[in-house]
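Report on the structure given below.
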Amino acid sequence: MKLRFLQLEPRQQLVTAGSAALLALLLAGGILLQLHKAQVQAQLQLQQAAAELTQVQALAAQFAALHANDKPASEDVVDLTAVVSRSLQAFGLQPTRMQQGSSDELQLRLDAVPYSDAIAWLASLEQSGSAVLLRATFSQGAGDTSTLSVSLKKRP
């Protein structure tokens, strides 16, 4: 094959080499496009799984609290994790971490949240009367976003 290529005229060699290079570029571009599509799809699945995990953690915390107290579930018993989860959803916020501390304390973290949204959410939660803000730490992020770390306690 190399011998045939060398037997071609210089112009034909240039056209053949250019065609081969173009074909290689098209193939590489097609492969990269498919990889990009797969990456975007995987990111979406990861975000959905994170949202589901938060909901499952809230339910697990409720179950653990009920099981630990061996008290029957009633409408009067409101779990702090459930209250916070509903409140976050109402403001369109998604925690990156939510962890039950002691039986009546909850720590959570929100990344890349607009500062004004975080303040509005904290004020709303405090005014609802279901939680007491123990500690809130803001770290400056990109633009007007912040990382918010919060410790809450169930209001007695």
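The values are calculated or read from the model by the stated rules, or taken from the named source; none is laboratory data. None of these values were measured; they are calculated from a predicted model. Cβ coordinates were reconstructed from backbone atoms using ideal geometry, including for glycine residues, and neighbour counts include every protein chain displayed. Side chains included, ligands, DNA and RNA excluded: accessible areas come from the protein's heavy atoms. Shrake-Rupley method; radii C 1.70, N 1.55, O 1.52, S 1.80 Å.
Residue farthest toward the positive end of the dipole of region 4-156, with Cβ of Lys/Arg at +1 and Asp/Glu at -1: which of ALA38, GLN99, ALA118?
The listed residue farthest towards the positive side: ALA38.
When the accessible area of region 1-68 is split by element with a 1.4 Å probe, what percent falls to carbon and sulfur?
About 69 percent, which is the carbon plus sulfur part of the accessible surface.
Around PRO95, what is the net charge, scoring Lys/Arg as +1 and Asp/Glu as -1 over all other residues with Cβ under 14 Å from its Cβ?
For residues surrounding PRO95, the net value is 0.
Leaving out ligands and nucleic acids, and using a 1.4 Å probe, what accessible area per residue does the chain come to in Å²?
71
Can you tell me how much longer the chain between GLN39 and ALA112 gets when fully stretched, taken as 0.36 nm per residue apart minus their C-alpha distance, in nm with one decimal? Each step should come with its number before you reach the end.
Working: separation 73, 0.36 × 73 = 26.28 nm, distance 2.13 nm.
Result for the pair: 24.2 nm of gain on full extension.
For region 9-51, report the translational diffusion coefficient in µm²/s to the nearest whole number, using Stokes-Einstein at 4 °C, 1.567 mPa s, and a Kirkwood Rh over Cα pairs.
Reported coefficient: 101 µm²/s.
Take the Cα gyration tensor of region 116-156, multiply each eigenvalue by 5, square-root it, and list the three semi-axes largest first, rounded to whole angstrom.
Ellipsoid half-lengths, sorted descending, are 22, 11, 4 Å.
Please state the charge dipole magnitude for the chain, taken about the Cα centre, from unit charges on C-beta atoms (+1 on K and R, -1 on D and E), reported in debye and rounded to the nearest 20.
800
For PHE63, tell me the accessible area in Å² from a 1.4 Å probe, rounded to the nearest 10.
Approximately 140 Å² of PHE63 is accessible to the 1.4 Å probe.
Using Cα atoms only, what is the angle between the long axis of helix 115-127 and the major principal axis of the chain, expressed in degrees (0 to 90) to the nearest 10?
It works out to around 20 degrees.
If you line up the long axis of helix 10-69 against the longest principal axis of the chain, both from Cα atoms, how many degrees apart are they, to the nearest 10?
10
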